[in-house]
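Undergrad: Before I ask anything, let me first share the structure, which is written out below as structure tokens.
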Amino acid sequence: MVVSNRVAVPKARGAAGAQGGLAGALNAALKAHKGVWFGWSGEDGVAESGNVTTYDDDGVTIATVDLSRQDVEEYYNGYANSTLWPLFHYRLDLAKFERQTGKGYERVNEQFAERLTPFVGEDDLVWVHDYHLLPLGERLRSRGVSNRIGFFLHTPWPPARLLVSLPYHERLVRTMLEYDLLGFQNDEWLSSFLEYCAEVLGAEVDHKSGRICLDGCICIARAYPIGIDWDHFSALGETGDARQAGQRMLASTRRRIAMIGVDRLDYSKGLPERLDGIARFFDRRPESVRDLVFIQIAPPSREDVESYKEIRTELEQKAGQINGARSEVDLVPVRYVNRGYSHAELYGFFRASKIGLVTPLRDGMNLVAKEYVAAQDPEDPGVLILSRFAGAAAQLQEAVLVNPHSPDDLADAIGVALDMPLAERRRRYEAMVKSVRDENVQHWTADFLGDLRQVAR
């Protein structure tokens with residue numbers, strides 16, 4: 001059983017569709033075991049919460065629950081995305097601590113538990129996903145669910161000195177210890193969680209095994225770096241959509257080198273800082289305007305949250321300033337595209353771009369970095385410029401690693417990428433592509449579920 005805020009299948013309202021990646025891997029696991037995927041329906045205008053709709057999707061039972069407008073505002077837009085998301089990305093300055101939204105978060109988790117419990121069979125494995133549902137395991141336990149329950153956090157986990165700013169932080173983390181297995185994206189986020197448990201909660205922690213003991217609860221916490229669906233994504237490169245997208249990119253750049261960024265419109269992605277670094281590069285090498293074009297694809301997200309409206313305005317201003325200062329009548333140095341594209345089209349764009357710019361200020365993993373590597377031509381690969389603060393940096397050490405807060409560091413990295421000889425590009429690519437291919441999303445799913453099955457109850 002998979003439980004997440006949204007259900008990523010085509011029929012679930014507001015979902016992106018199961019087209020590979022995490023959704024594809026989870027769907028494959030669910031189909032193999034005739035499982036259930038449970039989550040919010042995406043409806044936010046209903047008068048009352050709690051209505052559950054079920055249907056079969058190719059052998060998987062989809063169960064979606066409606067939430068009222070108040071629940072969405074307090075649980076989703078409020079506590080999850082205005083409190084936990086900024087805090088977990090180290091943005092204490094943007095986090096809002098409102099008691100009412102905290103109550104809404106707990107109320108919706110209780111409602112998820114109430115509606116989910118009837119679906120849980122005697123021997124089912126339950127796998128809960130992400131920061132929206134941190135207390136769900138404890139809520140299920142309170143309803144008598146004794147099954148093995150695992151949880152995976154897709155975001156970073158902040159250091160204890162930041163987490164203690166959260167009201168009732170101890171209560172929240174104690175609920176997480178009701179899970180049998182906790183998964184984090186890398187060793188850094190795992191270490192932060194273990195240190196909090198030991199230093200703040202006074203738990204008995206074995207850092208080597210990840211075993212946490214507190215007040216009779218025993219929980220295992222480990223790192224499981226998520227990957228891409230290598231086979232699915234690689235196959236997209238053979239499609240007409242991918243080839244056409246790549247040709248569009250090459251034709252439109254007029255023999256200039258394309259540098260690409262693809263990110264949700266989110267302050268954690270470091271987009272204003274990225275444009276500052278690009279502006280610094282063009283200040284140093286103004287002649288490069290005729291050699292390099294930067295394409296930033298940034299689909300909008302969470303448009304009801306004020307900070308997201310502000311970042312969109314800031315990006316438009318910064319892109320306009322660079323173009324105003326550096327454009328010619330026949331070219332612009334920055335293309336800012338505020339819409340999304342299919343995975344096949346993105347494959348084509350990545351393949352045609354000789355530099356991939358992935359510079360989040362903080363990211364749990366960042367699969368765009370891995371997709372960029374996977375899309376490259378082995379004979380003439382591009383260069384990945386990657387933030388040191390993305391979870392993916394631990395696996396992709398052969399990328400050009402940068403401090404995304406430093407315009408000088410970003411400008412230097414762009415220069416390094418432009419000037420890098422083919423032999424070095426190949427060497428770096430070959431080291432990275434092995435990790436991307438072998439540590440894929442199927443490997444991640446099998447590792448987590450294999451460990452969850454072995455947990456002693």
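The values are calculated or read from the model by the stated rules, or taken from the named source; none is laboratory data. In this text, all values refer to a predicted model and were calculated from it rather than measured experimentally. Here the Cβ is made from the backbone with ideal geometry for all residues, glycine too, and neighbour counts use every protein chain on show. The area values use the complete protein model at the heavy-atom level, side chains included, leaving out ligands, DNA and RNA. Shrake-Rupley method; radii C 1.70, N 1.55, O 1.52, S 1.80 Å.
Undergrad: Determine the shape class of region 339-441: with a ≥ b ≥ c the square roots of the Cα gyration tensor eigenvalues, call it rounded for a/c under 1.5, and otherwise prolate if a/b is greater than b/c, oblate otherwise. Walk me through the intermediate numbers first.
TA: Details: a/c = 1.29, a/b = 1.09, b/c = 1.18.
Cα axes put region 339-441 in the rounded bin.
Undergrad: If you don't mind, there's one more thing I want to ask. Of the options 64, 89, 272, report the single residue whose Cα projects farthest towards the positive end of the charge dipole of the chain (beta-carbon charges: Lys, Arg +1; Asp, Glu -1).
TA: Ranked along the dipole, the leading option is 272.
Undergrad: Additional query: Hey, what angle do you get for helix 441-454 against the long axis of the chain, alpha-carbon based, 0 to 90 degrees rounded to 10?
TA: Taking the Cα atoms of the chain, the angle to 441-454 is about 20 degrees.
Undergrad: When the dipole is taken about the Cα centre of the chain, and only Lys, Arg (+1) and Asp, Glu (-1) are charged at their Cβ, what size is it in debye, to the nearest 20?
TA: Working: 54 positive and 66 negative charges, 138 e Å.
Using only the charged Cβ atoms, the result is roughly 660 debye.
Undergrad: If you average the sequence gap of Cα pairs under 8 Å that are 6 or more apart and divide by the length of region 195-246, what percent do you get for the contact order? Could you put the intermediate results ahead of the total?
TA: Values: 33 pairs, mean separation 8.8, N = 52.
Once divided by the residue count of region 195-246, the mean separation gives 17 percent.
Undergrad: Rounded, prolate or oblate: which fits region 219-292 when a ≥ b ≥ c are the square roots of the eigenvalues of the alpha-carbon gyration tensor, with rounded for a/c under 1.5 and prolate only if a/b beats b/c? If you can, show how the numbers build up before the last one.
TA: Details: a/c = 3.20, a/b = 1.26, b/c = 2.55.
Oblate.
Undergrad: Cα centroid distance between region 114-161 and region 276-298, in Å?
TA: 45 Å
Undergrad: What label, among [x] 23.8, 75; [y] 20.9, 62; [z] 22.4, 71, belongs to Rg and Dmax of the Cα atoms in Å computed from the structure on display?
TA: Only one option fits the structure, namely [z].
Undergrad: Please give the peptides 381-389, 231-239, 342-350 ranked by average Cβ packing (other Cβ atoms within 10 Å per residue), highest first, as a rough proxy for protection.
TA: Values: 381-389: 24.4, 231-239: 16.4, 342-350: 22.2.
Ranking the peptides 381-389, 231-239, 342-350 by packing returns 381-389, 342-350, 231-239.
Undergrad: Over the chain, average the accessible area per residue using a 1.4 Å probe and give it in Å², no decimals. Numbers along the way, then the final one.
TA: Details: 18880 Å² over 457 residues.
Dividing the accessible area of the chain by its residue count gives 41 Å².
Undergrad: When only C-alpha pairs under 8 Å and at least 6 residues apart count, what is the relative contact order of the chain, in percent? The partial results should precede the final answer.
TA: On the way: 903 pairs, mean separation 61.9, N = 457.
Once normalised by length, the contact order is 14 percent.
Undergrad: Using Cα atoms only, what is the angle between the long axis of helix 21-32 and the major principal axis of the chain, expressed in degrees (0 to 90) to the nearest 10?
TA: 40 degrees
Undergrad: Output the peptides 266-274, 354-362, 39-47 sorted from most to least packed, where packing is the average of other Cβ atoms within 10 Å over each peptide's residues. Kindly include the intermediate steps, with their values, before the conclusion.
TA: Values: 266-274: 23.8, 354-362: 26.0, 39-47: 17.3.
Going from most to least packed, we get 354-362, 266-274, 39-47.
Undergrad: When the Cα centres of region 237-275 and region 28-96 are compared, how far apart do they sit, in Å?
TA: Region 237-275 and region 28-96 have Cα centres spaced 30 Å from each other.
Undergrad: Positive end of the dipole of region 111-253, charges at C-beta (+1 Lys, Arg; -1 Asp, Glu), about the Cα centre: which of 216, 240, 111 has its Cα farthest in that direction?
TA: 111
Undergrad: At a 1.4 Å probe, what is the % contribution of carbon and sulfur to the accessible area of the chain?
TA: Working: 8750 of 18880 Å².
Answer for the chain: carbon and sulfur cover 46 percent of the accessible area.
Undergrad: Sorted by accessible area with a 1.4 angstrom probe, largest first, how do 154, 89, 443, 405 fall?
TA: Numbers: 154 40, 89 10, 443 85, 405 105 Å².
From most accessible down to least: 405, 443, 154, 89.
Undergrad: Can I ask one more? So for each of 112-123, 391-402 I average, over its residues, the number of other beta carbons within 10 Å; can you give me the resulting order with the highest mean first? Walk me through the numbers before you get to the answer.
TA: Values: 112-123: 15.4, 391-402: 21.5.
By packing density, highest mean first, the sequence is 391-402, 112-123.
Undergrad: Separate question: In the chain, with Lys and Arg counted as +1 and Asp and Glu as -1 at Cβ, which of these residues, 313, 165, 422, has the Cα nearest the positive end of the dipole, that is, farthest along it?
TA: It is 422, whose Cα lies furthest towards the positive end.
Undergrad: Antiparallel as a % of all DSSP beta bridges within region 10-156, to the nearest 5?
TA: 40 percent
Undergrad: Also: How much of residue 90 can a 1.4 Å solvent probe reach, expressed as accessible area in Å² and rounded to 10?
TA: 50 Å²
Undergrad: Taking only Cα atoms, what is the 0 to 90° angle, nearest 10, from helix 187-199's long axis to the longest principal axis of the chain?
TA: Tilt of helix 187-199: around 40 degrees.
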